[in-house]
Each structure stands twice: as C-alpha cells, then as structure tokens.
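Take a look at the structure set out below.
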Amino acid sequence: MTREFLRAGWNVVVVTPVAHYPNGRRTLPRREAGHAFTNQIGPHGETIRRVPYLRHLGTSSLARLVDQLFSAVLSVPVGLRGEKPDAIVATAPSLPTLATGLVLSRLRKVPFIVEMRDAWPDLARDARIVQGSVKSLVERVVEFVQHRADLVVTVTEGFADTLRDRGLTNVTTISNGLDVAAIPYLKPPPLERDNFHALYLGNHGKSQRLDILIRAAALLGDGFHLTLVGHGTNRPQLVKLARELQAPVTFYPSLHGWAVVEKYREADTCIVSLRDDWKSFETTVPSKTYEVLAIGRHVTAIVRGEAERIILEAKGGDVVAATPEAVAGLWRGLSKDRARLSAGSSGREWVENHADYAKLAVGYMDQISKLVGNGVSGASQGGLV
C-alpha cells in the first residue's frame, strides 16, 4: 500500500517500534531494524520514525501488551515531530496504537483512520482475554476509539457488517492482499510421488489450532509429511506434541524470499487454518490465503465463514472440518488421486481481481481523499502518518 501511495505522489511517515519479534529478539541487522528516536528511509521512499520497545519480557499476552503500551506512549511525541500530516492512520492489532492515533489526531487536528486488521474487540472475548457478561475495559476502549474515528477500515466485509450493526456508519472494507506480479505461479506437483507433503507457513498461536495438523500427520504416518514454518506462542507445545506422537513433522523458523517459494514448490498442499470455535473468525480471512491462491498450490482450508467462501469461490482447494480425522481423510484422498492437487489458475485470477495491492490502493486512496478533501490522487504536499 505504501508503495502505491508514494507512486501517487503522497508522502508517508511510519511511526513504529524498532523491528523485533514478539519475544523481544531483534534478528535484523541494526541498520534495517532501526535505532530508537531516529529516522530511516523505507524500501519505497517512506520515512520511518522508530520508537523503543521493551526487551526480554517473554511471549505471554501480558508481556506483549506491556511492550505495546510502552511503544504506544512513546509514539505520541515522535508522531508530533515534523510537518503536520493530512490524516493519521492507526493499525490494529496492537490495540494501544489505536489510542495513540486518536490522541495524535486530536493534537494535530486532522482526520483519524482506524484499520481493524483483526475482529477486535470480538476476538478478545473469543480468546478469553476478557470474560463475563459485562463489557471489559478492552472492549470499551476499542469501541470508544472506533466511534470517534473519521473512518474505520476493515479487511473483511463480514466484520464491516458487524460494526455497522453496532451503529458505526463510517466503515469501509479494504481487504488484505499482495503484489500479484511479485508472486510466481508454480507448476502443479508431480502426479507420481512417494510421499505426500503438506505445508503450513505462518503464526503458531492459539488462533490456528495447529495441533490438529500434527495429530492428522500422526494418524497417517509413513508416506506423509507435514512442514510447519514460522513462530508463535504455541510453538514449544507443538514441538513437544509432535515428539510425543512421533508424528512426521518438521519445524522451520520464519523464512523469507525465495526460501519461502522453495517450500511452496516442495508442497503438495498448503494449509490455511483458523480455529472453528471462535465466532469472530467467521469474519476473518488469514492473509496467507491470498498468497497460496496466487502461487497456484492446492489449499487445505480449515476455515469457515468469509474465508471458506473465498476458497470455494476461487476454486482453490478443499474446505475441511477442524478435526484430525477429517484432515487426515482429505490428505489420504488427495494422495490417492493426485490429479486433485492441480489447483489451476482460478485462484490466481481471483486474487488478481479482488486482492491485488495496486487495485486495493486505488480504492483506499479514494476513501482517504474524500475524507481530507484534497482530490482523488492526493497532492505531493499531502501526507499520512
């Protein structure tokens, strides 16, 4: 999105912590991760203003919240530096960032845009972060900010409808997406192969229920292999489970660039997974969905609601129930009839039409331009924080 904004002549300033993983580790070289309270030039020419973060707090939800609160508070003085922007965009998750955006928009006296990249506050209740029948402080704060935003952006139509049902009228949908031109389209996996390879790339957290995949692989045993790539709070438990079940599973840390493409190339099917017992996930689409569809691999989709609709509409794979037995049954059937693994180009065509950043950015710029009143394409003097 930033690249497209800059191509249109907009200025973009990003206020964000020094780059680090949720556990506090900084693995990028310092010149890429950034220094606190200094500016960087981003990959597309945007200005990045770095704020500090708290190290070595652990990976618990509380530790992450404390880290985010710390960075959010320090983002206020950093966000007040420099030329006055035309609009301020705050992106969640990282809920404290929403409060920062609201404060800055009031101090700067400019329109405030909230991006809800997850279904908050609904997700907080599903995840048992908040409990009981009375609204929690988290829910009240999120709804307070949403109702005071000039524009609320969701990534799914379903969650936009949910917010409208709660009385919000200033809601629009700009979905997640990708740069289709940068994603290769792979040939189908071979029709003859000794082993069946399933691949998952992404977060290893409570939301994904990856234990189902490990149990499915354990049920299948010889001739099947599961690869899990990424990191997350549940990764240690998943490694332990795979060891206990002696499941044919290999774990890799997060990969980037062509290393990811090679994993896709090795795979027979790629997994998109969200647990089915959290209602908020009916209006959630994992962002990896678009990448898997665009690259041309068969999708094992353990999803429902809007994500299920997209997979079926794009004819990108099979939607399966969230049980080890159902997943194992699907993979067994695919291994016996490998012609089903040829997903065709329909998935990539769907992404080109509905989730290509170049097209999404045009719609987003139109919405922002109407809000700030300076024309469809913006002006070179204009800017976003």
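The values are calculated or read from the model by the stated rules, or taken from the named source; none is laboratory data. Every value quoted in this text rests on a predicted model; they were computed, and no experiment measured them. Positions of Cβ are backbone-derived with ideal geometry, glycine not excepted, and every protein chain shown enters the neighbour counts. We work out accessible area using only protein heavy atoms, side chains counted, and drop any ligands, DNA or RNA first. Shrake-Rupley method; radii C 1.70, N 1.55, O 1.52, S 1.80 Å.
Miscellaneous remarks
- Complete set of residues in the range 233-276 that are more than 22 Å from the chain's Cα centre (by Cα) and among the aliphatic types (A, V, I, L, M): Val239, Leu241, Ala242, Leu245, Ala247, Val249
- Evaluation of Ile310 against the conditions (1) surrounded by fewer than 19 Cβ atoms within 10 Å (Cβ to Cβ); (2) part of a helix (DSSP H, G or I) shows that the sole unmet condition is (1).
- Top-ranked residue of the range 286-296 - restricted to ones that are open to solvent by less than 10 Å² (accessible area, probe 1.4 Å) and under 18 Å from Leu210 (Cβ atoms), ranked as farthest from the chain's Cα centre (by Cα): Val292
- Among the residues of this structure, Val110 counts as one that is under 30 Å from Gly373 (Cβ atoms), aliphatic (A, V, I, L, M), at pLDDT 85 or above and buried (at least 17 other Cβ atoms within 10 Å of the Cβ).
- If the condition is being under 22 Å from Gln68 (Cβ atoms) and either free of Cβ contacts under 8 Å to residues at least 12 places away in the same chain or hydroxyl-bearing (Ser, Thr, Tyr) (or both), then the range 1-25 contributes Thr2, Thr16, Tyr21, Arg25.
- Among the residues of the range 240-259, those identified as in a helix (DSSP H, G or I) and surrounded by 15 or more Cβ atoms within 10 Å (Cβ to Cβ) are Leu241, Ala242, Leu245.
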